[in-house]
Amino acid sequence: MSEFPVIDLRSAIIIDQHAHSFANDFLQFEAVDLRRCFTESRTMEMLQNHVHNSLSYMDMIRKLGYLLDVAGEKQIIELRQTMREYDLVNSLFDDVSFGAFIIDDGYSSGKAMPLPKFAQLTSRPVFRCLRIESFIEQALATSSTFSELEEKFLTMLAAPSEVPIVSLKTILAYRGGLSLLDTTKDLAKADFAELKERSKRSTIKSAFRIERCNLHHYLVLRAFEFAGERKIPVQIHTGLGDSDEDLAESNPLLLRSLFENKQFSSVKFVLLHCYPFVKEAAYLTSLYSNVYMDVSLACFLVSANVETILLDAISLAPSSKILTGTDGHTVPETYWYGAHSIKRGLSAVLTSLIRKDFFDPAQAMKIAGDILHGNTRQLYNLDGLA
Ligand SMILES: [Zn+2]
């Protein structure tokens with residue numbers, strides 16, 4: 001086998017196209033709180049007895065120990081509690097060369113750090129992604145008729161924001177599944193009264209959640225139209241990512257009718273996470289010019305497999321349509337470890353493809369730059385905003 005230099009991506013810039021904010025108190029976390037960020041499971045038995053034996057978590061703790069110069073989970077937790085937020089965040093984010101973030105701030109309630117503080121703490125440009133379902137729920141709570149709801153919802157999406165809005169996102173997948181209902185305005189209107197009643201009964205402990213129904217899907221499609229008019233992409237949650245979802249209903253192949261619909265052919269859609277449907281997502285990305293994908297979340301939950309995941313994506317999807325997102329949330333370790341894992345996986349895949357004579361090192365570095373930051377910069381038109 002001929003020898004080529006290994007593609008070294010350690011100093012390559014990453015623009016994280018899909019992540020969330022930190023928890024306000026992330027420095028004070030105990031071990032179970034940190035573990036909770038590295039699993040989809042919510043049971044205390046998993047957190048106390050099993051998560052620390054999962055490969056990704058073990059690897060994360062080991063690598064974090066090298067970086068912070070301490071060994072083991074207990075010592076890391078103790079050290080974190082004495083650090084300044086800025087120092088922990090920036091030592092991790094500088095290590096993987098984060099350049100900017102697109103943040104979905106519809107996740108988590110009062111515990112999440114507001115975006116301006118997140119931007120200040122990370123010292124990086126931050127852009128905003130609006131979660132469609134959160135706005136439907138907010139608009140419903142303050143509307144007394146369907147027409148008022150529809151108007152309020154669209155006005156909320158268009159409202160000015162301190163942090164530039166560059167994307168919308170839908171969580172259809174874990175609110176009843178990805179297959180879209182063949183709905184109409186009249187059918188949506190017919191759902192209003194019952195949903196309004198349920199929304200009125202909403203409490204902090206059991207908050208109202210919009211689930212698969214005509215009204216939900218009608219407004220999601222209105223949001224897609226809005227995104228098309230504003231020329232901002234729509235991120236769609238697919239694959240793993242929420243403990244109460246039916247994974248079978250989050251297969252991106254269920255979105256075929258949406259991608260075949262000419263009404264939405266000018267809207268750019270980004271399939272998020274995708275695992276374990278990475279091949280299916282790559283297939284759709286290779287077929288439809290307006291479909292893109294990332295492997296966020298899988299990059300830090302299934303890190304030992306990231307090389308295969310990226311090879312599945314890059315084998316079929318054009319490299320100009322693969323983006324980098326981490327789905328980092330709550331603690332800086334998730335973004336950092338996700339980014340680290342993507343760089344390691346991409347470096348290994350590209351080096352192996354050079355050795356197999358698919359391209360030369362210069363082409364490989366161009367592809368890496370596109371996937372790590374160039375494609376995101378272009379798709380979300382970030383240059384005019386940062
Ligand atoms: Zn997410």
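Each value in this text was obtained by applying a stated rule to the coordinates, not by laboratory testing. All of these numbers come straight from a predicted model, not from anything done at the bench. Don't worry about glycine lacking a Cβ; one is built from the backbone with ideal geometry, like all the others, and counts go over all protein chains shown.
Miscellaneous remarks
- Karplus-derived 3J(HN,Hα), 6.51/-1.76/1.60, for each residue of the range 121-138, Hz, glycine and proline x: 5, 8, 6, 9, x, 10, 10, 10, 10, 8, 8, 4, 4, 5, 6, 4, 5, 5
- Taking N as its residue count, the alpha carbon Rg of the chain over 2.2 N^0.38 Å: 0.99
- Using a Gaussian network model of the chain in which every pair of alpha carbons under 10 angstrom is joined by a spring, one finds that among Pro160, Pro233, Pro361 the greatest mean-square fluctuation is at Pro160.
- Cα centroid separation - the range 264-291 against the range 124-142, whole Å: 23
- Top positive-direction residue, dipole computed over the chain with Cβ charges, set Asn90, Leu34, Leu140: Leu140
- Size descriptor for the range 293-370, Kirkwood hydrodynamic radius: 12.6 Å (Cα pairs only, one decimal).
- Fewest-first ranking of Met293, Met83, Met44, using other Cβ atoms within 10 Å as the exposure measure: Met44, Met83, Met293
- Highest-MSF residue in the chain out of Arg42, Arg80, Arg222 [GNM, Cα springs under 10 Å]: Arg42
- Cross-link pairs exceeding 24 Å in C-alpha to C-alpha distance, out of Lys152/Lys196; Lys152/Lys185; Lys231/Lys321; Lys117/Lys205; Lys169/Lys321, comprise Lys117/Lys205.
- Cut-off 10 Å between beta-carbons: net charge of the residues surrounding Phe29, Lys and Arg +1, Asp and Glu -1: -1
- Student exercise, the range 112-247 dipole from Lys, Arg, Asp, Glu Cβ charges, in Debye to nearest 20: 480
- Centroid-to-centroid, using Cα positions, the range 215-254 and the range 143-162 are 19 Å apart.
- Sorted by Cβ density within 10 Å, fewest first, the residues Glu229, Glu148: Glu229, Glu148
- Candidates Leu311, Leu379, His340 compared by Cα position along the dipole of the range 258-386: farthest toward the positive end lies Leu379, with charges placed on Cβ.
- In terms of its alpha-carbon gyration tensor, the range 32-119 comes out oblate; a/c meets the 1.5 threshold, while b/c is at least as large as a/b.
- Across the range 313-386, the relative contact order, built from alpha-carbon pairs under 8 Å that are at least six residues apart, equals 37 percent.
- Residue by residue, the range 161-177 carries 3J(HN,Hα) couplings of 9, 4, 9, x, 8, 10, 7, 10, 8, 10, 10, 2, 3, 9, 10, x, x Hz when phi is fed to the Karplus relation 6.51 cos²θ - 1.76 cosθ + 1.60 (θ = phi - 60°); x denotes Gly or Pro.
- The charge dipole of the chain, taken about its Cα centre with unit charges on the Cβ of Lys, Arg, Asp and Glu (plus for the first two, minus for the last two), comes to roughly 420 debye.
- 3J(HN,Hα) couplings calculated from phi for the range 52-67 with the Karplus curve 6.51 cos²θ - 1.76 cosθ + 1.60 (θ = phi - 60°) are, in sequence order, 5, 9, 7, 4, 4, 5, 4, 5, 4, 4, 5, 5, 5, x, 4, 5 Hz; Gly and Pro show x.
- Relative contact order (%) - the chain, alpha-carbon pairs under 8 angstrom, separation at least six: 23
- Taking amide H atoms as placed 1.01 Å from N in the peptide plane, the amide H of Gly106 lies under 5 Å from those of Arg131, each 5 or more residues away in sequence or on another chain.
- Considering only the range 18-384, percent of DSSP beta bridges that pair antiparallel, nearest 5: 5
- Full-stretch length increase - Lys111, Ser123 - with 0.36 nm per residue and alpha-carbon distance subtracted: 2.2 nm
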